[in-house]
Amino acid sequence: MQERNNEERCSCDLDRPLSFAATVDLHGDVSECCCTFDEMERINAEIVHPLLKRVVATPFFAHFKIDLCSDCELWTDAPLCVLRDCGVCECDEPPAWASQVEWMPSITGPDAGCEHLDDQVVTTVDLHVLEEWPSSSGLLSFLNDDSMVETESNHAISDTAVVVDLRLNPERYTGYNGPSAEKVWNAIHSENCFQQENATDGGCSLTSDQRVYNRILSGLHSSISLHIAHSYCLEMDPNKIAECKTWGPNVTVALERVLNHKDRMENLYVAFAVLLRAVQKVGIAITSAVPTEDDFFAESLKEWKDHLLPQLQNMVNTCPLMFDETSLSLDGEGLGNLNRLELQRRFRHLQQIMQCVGCDRCKLWGTLQTLGIGTALRVLLAEDSTNEIVELSRQEAVALVHTLERFSSALVYATELAATSQEG
Ligand SMILES: Cc1cc2nc3c(=O)[nH]c(=O)nc-3n(C[C@H](O)[C@H](O)[C@H](O)COP(=O)(O)OP(=O)(O)OC[C@H]3O[C@@H](n4cnc5c(N)ncnc54)[C@H](O)[C@@H]3O)c2cc1C
């Protein structure tokens, strides 16, 4: 990580006395970043979060394609779900663009081979995604020698993949827990994350890139926990099987899982900073991923291009970076030396782990955010010196923006839940 002098440091002069971070004893610069907790919190609350919410509510950014039927290849899974909300609602009315699909699966309606989906199923395929996938060789392919991170653009779309409307499938409490969830989180933290080895000098043996990688995944976990705490089932419906009657915030869950753990909170800030920097850096590619001649996406393009993107670009000029990707450079010092194949291997493993999530709704959001994180690292690790132009597939653009929105919302929820706990 390059040291910045005082002039280069973040100094967004936003006049609002809000500091949730201070209330949970987080002061000064966020680790691995070049911004304080306070600055990051304010920028998110005042600029980024309100605009992101508008962007992800539009049709382009609200649709994501996923294969919920993929099997867990790593172990035999025994999921435990208590709510119907574990399921994913697919689009009842497929969006107009979905009707242009050239390829259709042989079975319409519920897929016989997919036990996860018991709602009415519309097995449509996103033509835009299909178009981008096979032509991904023209993109930054992470499977060739220059590759670093394998992302979805390297994978073929499976026959059982479905388009889902994320607005109908909010990330919230589903009741997924027990050994299945435990095993997934354990695989993420104890196998996929870089493990600390005892350094001879007794110090930290992880390099900066390894620490950032670990922090992003821990930040993802914090974000998921805060979304659960923010939309928790407070009372089950006694008249219906496995349905929730009353939804609301659960402060105890927020405190126990995240707010009382400074490291988990800090890692959420790091994850937010990394994703924000990636979205800033690749803004033009996100614009390019939105079809321009399709009226269905006009609002999506407008919200992104006319509102959020200019603000993000403005922030680059007026407020120095929150995260400096040169600290991740593969040619730099420290973990810059991270082996490209090793990073690729870890992401492939992470994708496999997400296939083992035993609840459809959780799998949807876990998979989307894995792709968002992978895309962010791909963007930040692209070598500027070669003037590499990063292109994003539809899926990557949606996942990247949505993952930033998840982390951004989680920071806001943390503030709200902490305030509620102090009131009580
Ligand atoms: C990918 C994925 C998505 C999920 N999505 C949902 C969902 O949408 N809705 C839902 O209700 N449930 C979801 N779950 C389940 C949920 O995350 C919890 O596993 C479950 O609620 C049980 O929580 P727990 O209290 O046992 O702790 P868990 O959250 O399962 O944590 C397990 C252990 O991980 C460690 N840990 C916790 N937080 C962090 C952190 N931030 N950084 C590092 N280590 C940490 C702690 O040692 C903790 O004991 C998901 C699980 C996974 C794996």
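The values are calculated or read from the model by the stated rules, or taken from the named source; none is laboratory data. Being a predicted model, the structure only gives us computed values, none of them experimental. We place every Cβ from the backbone using ideal geometry, glycine too, and count neighbours over all the protein chains shown.
Of all residues in segment 252-265, none that is over 19 Å from Y232 (Cα atoms) has its Cβ atom under 6 Å from the Cβ atom of a residue that is away from the ligand (no atom under 11 Å from the Cβ) and of a type in the set (S, T, N, Q), 6 or more apart or on another chain. Filtering segment 18-40 to residues that are within 17 Å of L312 (Cβ to Cβ) and of a type in the set (D, E, K, R) leaves only E39. Taking first residues from segment 303-319 that are assigned to a helix (DSSP H, G or I) and of a type in the set (K, R) and partners that are surrounded by 15 or more Cβ atoms within 10 Å (Cβ to Cβ) and modelled with pLDDT under 95, the Cβ contacts under 7 Å between residues at least 6 apart in sequence or on separate chains come to K305/T287.
Residues in segment 234-289 that are over 30 Å from V316 (Cβ atoms) and in a helix (DSSP H, G or I): V251, T252, V253, A254, L255, E256, R257, L259.
Condition check ((1) charged (D, E, K, R); (2) farther than 28 Å from F64 by Cα; (3) modelled with pLDDT under 80) across all residues:
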{"site": "E299", "(1), (2), (3)": "yes, no, no"}
{"site": "K302", "(1), (2), (3)": "yes, no, no"}
{"site": "Q311", "(1), (2), (3)": "no, no, no"}
{"site": "S327", "(1), (2), (3)": "no, yes, yes"}
{"site": "L330", "(1), (2), (3)": "no, yes, yes"}
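Take the conditions (1) closer than 21 Å to C359 by Cβ; (2) within 8 Å of the ligand (Cβ to nearest atom); H261 misses just one of them, which is (1). Is there a residue in segment 360-376 that is crowded, with 23+ Cβ neighbours inside 10 Å, modelled with pLDDT under 95 and away from the ligand (no atom under 16 Å from the Cβ)? Yes, segment 360-376 has at least one match.
Being surrounded by 15 or more Cβ atoms within 10 Å (Cβ to Cβ), touching an Asp or Glu at 6+ places or on another chain (Cβ under 8 Å) and either at pLDDT 85 or above or not small (G, A, S) (or both): is that true of A289 here? In short, yes.
Of the residues making up segment 176-186, those that are under 22 Å from C244 (Cα atoms) and near the ligand (Cβ under 7 Å from one of its atoms) are Y176, N177, A181. Mind listing whichever residues of segment 204-233 are touching a Cys at 6+ places or on another chain (Cβ under 8 Å) and outside any helix (DSSP H, G or I)? Result: C233, single match. Looking at the structure I just gave you, is H189 within 9 Å of the ligand (Cβ to nearest atom), without any contact (Cβ under 8 Å) to a residue 40 or more places away in the chain, under 29 Å from Q344 (Cα atoms) and not in a strand (DSSP E or B)? Spelling it out, H189 is indeed within 9 Å of the ligand (Cβ to nearest atom), without any contact (Cβ under 8 Å) to a residue 40 or more places away in the chain, under 29 Å from Q344 (Cα atoms) and not in a strand (DSSP E or B).
Residue-by-condition table, conditions (1) within 20 Å of the chain's Cα centre (by Cα); (2) modelled with pLDDT of 90 or more; (3) within 16 Å of the ligand (Cβ to nearest atom):
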site: P134; (1), (2), (3): no, no, no
site: L139; (1), (2), (3): no, no, no
site: S147; (1), (2), (3): no, no, no
site: T151; (1), (2), (3): yes, no, no
site: A161; (1), (2), (3): yes, no, no
site: T174; (1), (2), (3): yes, no, yes
site: C193; (1), (2), (3): yes, yes, yes
site: D201; (1), (2), (3): no, no, no
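One residue stands out in segment 218-232 among those that are within 13 Å of the chain's Cα centre (by Cα) and more than 6 Å from the ligand (Cβ to nearest atom): the one that is surrounded by the most Cβ atoms within 10 Å (Cβ to Cβ), namely S223.
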